[in-house]
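Shown next, in structure tokens, is the structure this report addresses.
The values are calculated or read from the model by the stated rules, or taken from the named source; none is laboratory data. Treat the numbers as computed from the prediction; the structure is a model and nothing was measured. Because the Cβ atoms are built from the backbone with ideal geometry, glycine has one as well, and the counts that use them run over all protein chains shown. With ligands, DNA and RNA removed, areas are computed over all heavy atoms of the protein, side chains included. Shrake-Rupley method; radii C 1.70, N 1.55, O 1.52, S 1.80 Å.
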Amino acid sequence: MYKINENYQKLPGSYLFSTIAKKVSAFAEANPQKEIIRLGIGDVTQPLAPAIIQAMHQAVDEMADAATFHGYAPDLGYEFLRTAIAEHDYKARGCDISADEIFVSDGAKSDSANIQEIFGQDNRIAVCDPVYPVYVDSNVMAGRTGTYNAETETWSNVIYMPCTMENGFVPEFPKEAPDIIYLCLPNNPTGTTITKQQLQEWVDYANKIGAVIIYDGAYEAYISEENVAHSIFECQGARTCAIELKSYSKNAGFTGVRLGYTVVPKDLKCQGASLNQMWARRHGTKFNGAPYIVQRAGEATYSPEGKAQLKEQVAYYMKNAAAIKNGLGAAGYTVFGGVNAPYIWLKTPGNMTSWEFFDYLLEQANVVGTPGSGFGPSGEGYFRLTAFGSYENTLAALERIRKL
Ligand code: MLT
């Protein structure tokens, strides 16, 4: 008789964005005349930039000819893309990362869920609270998180680092030493970030206690302030304690195209074992490479035209962020984020819980956001709005919220 992975049974409810999608569908079905504005999941709305489309068309044409056809992609990524990443995302920023430390994938969500596989079962993870749910859920599935306390909404074997208004959303070093530290900066969901100096302190801390940092830099393109690091490898000593996850979803609109990469430096070693080699082994066994057409699209993000077009796209979304932040601020809401990230994090009004405000906003303004408590207990009383809508919809949603 077969047995299931019992750890799945421990997961409370469904994945946050699936729960929201179900609630919104039920509301839409019951209210077909209402025009819903979706500022919930961080999904992009602008079309792919012309330079990317052109590269994809060209790659499609290559696939139509036996002489230029591509079958399985190299499992770690095409050399042309790995070299472009090393050059533009690292060397240009003074970071010492080479192409063979870069692993191309189908996106940062899967990498952030899968990376825990190369670590032992008895590692203790530390996460910011609130946090992108994938980090915790994937460790639950692996059986690393202990038991769930429904009252406190916490796992017994997870170290939570609260990030709230009170500490300026900056995680503090935990009292108990963790083995694996997840950091997402600029942060999803709070839209806030830390300075390069503060990040350096995390790198020093990890090296000192022998921990590894899983650094999710999916929102790096939205950094507007000078003293914020674009990569953890800008910090001294990161090569011996950090893995970096990057995505093309938010900087280039690839949420539906699917492309990302993970950097595992060769200096990252645990009792003589190379994590770079382990991740290469895992990738080779479980992944058959991102599609050629998609990797050519990724390469196009680094061309001069691609870069200029994407800069404009990021500016478009950040104009939305500023509109939400300023508009809600003027309407009396307490708002955070939106300066180095496309997310606005607000205090729910009138002591409403996050889910109460979600329902209120959906029913009264027909606007969808994301309840802060869905990201962890310290997210209770907060609410997230994304800047990834169209400008028109963003202004319309703001107008409706202001009128409440
Ligand atoms: C979010 O809304 O938090 C993100 O879009 C989810 C994701 O990137 O997987």
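Considering the range 184-238, and only residues there that are assigned to a helix (DSSP H, G or I) and within 14 Å of the ligand (Cβ to nearest atom), the residue that is least open to solvent (accessible area, probe 1.4 Å) turns out to be Y222. If you go through the range 246-289 and keep only what is assigned to a loop (DSSP other than H, G, I, E, B) and away from the ligand (no atom under 16 Å from the Cβ), you end up with V264, P265, K266, D267, L268, Q271, G272, F287, N288, G289. Could you say whether any residue in the range 145-164 is in the same structural domain as R282 (by TED's automatic domain parsing), among the hydrophobic types (A, V, I, L, M, F, W, C), open to solvent by 30 Å² or more (accessible area, probe 1.4 Å) and not in a helix (DSSP H, G or I)? Looking through the range 145-164, at least one residue is in the same structural domain as R282 (by TED's automatic domain parsing), among the hydrophobic types (A, V, I, L, M, F, W, C), open to solvent by 30 Å² or more (accessible area, probe 1.4 Å) and not in a helix (DSSP H, G or I).
Restricted to helices (runs of 4 or more DSSP H) entirely inside the range 290-404, those with at least 1 residues that are aromatic (F, W, Y) and under 22 Å from V131 (Cβ atoms) are 354-360.
When the criteria are applied in full, T394 meets the requirement of being over 21 Å from the mean Cα position of the chain (by Cα), of a type in the set (S, T, Y), surrounded by 20 or more Cβ atoms within 10 Å (Cβ to Cβ) and within 16 Å of the ligand (Cβ to nearest atom).
Residue-wise test of (1) more than 16 Å from the ligand (Cβ to nearest atom); (2) more than 30 Å from P130 (Cα to Cα); (3) at pLDDT 95 or above.
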position	(1), (2), (3)
K3	yes, yes, yes
E6	yes, no, yes
S18	no, no, no
S25	yes, no, yes
E29	yes, yes, yes
P32	yes, yes, yes
V44	no, no, yes
E62	yes, yes, yes
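Being without any contact (Cβ under 8 Å) to a residue 40 or more places away in the chain and outside the structural domain of I232 (by TED's automatic domain parsing): is that true of A66 here? In short, no.
Hey, any hits in the range 294-304 for a residue that's touching a strand residue (DSSP E or B) at 6+ places or on another chain (Cβ under 8 Å) and surrounded by fewer than 19 Cβ atoms within 10 Å (Cβ to Cβ)? Within the range 294-304 (the criterion being touching a strand residue (DSSP E or B) at 6+ places or on another chain (Cβ under 8 Å) and surrounded by fewer than 19 Cβ atoms within 10 Å (Cβ to Cβ)), the answer is no, since none of the residues qualifies. Would it be correct to say that K196 is of a type in the set (K, R) and farther than 20 Å from G77 by Cβ? Yes; evaluated as a whole, the condition is true for this residue. May I ask you to verify whether V158 is within 16 Å of the ligand (Cβ to nearest atom), among the aliphatic types (A, V, I, L, M) and either without any contact (Cβ under 8 Å) to a residue 60 or more places away in the chain or farther than 15 Å from N7 by Cβ (or both)? Here the answer is no, as V158 does not meet what is asked.
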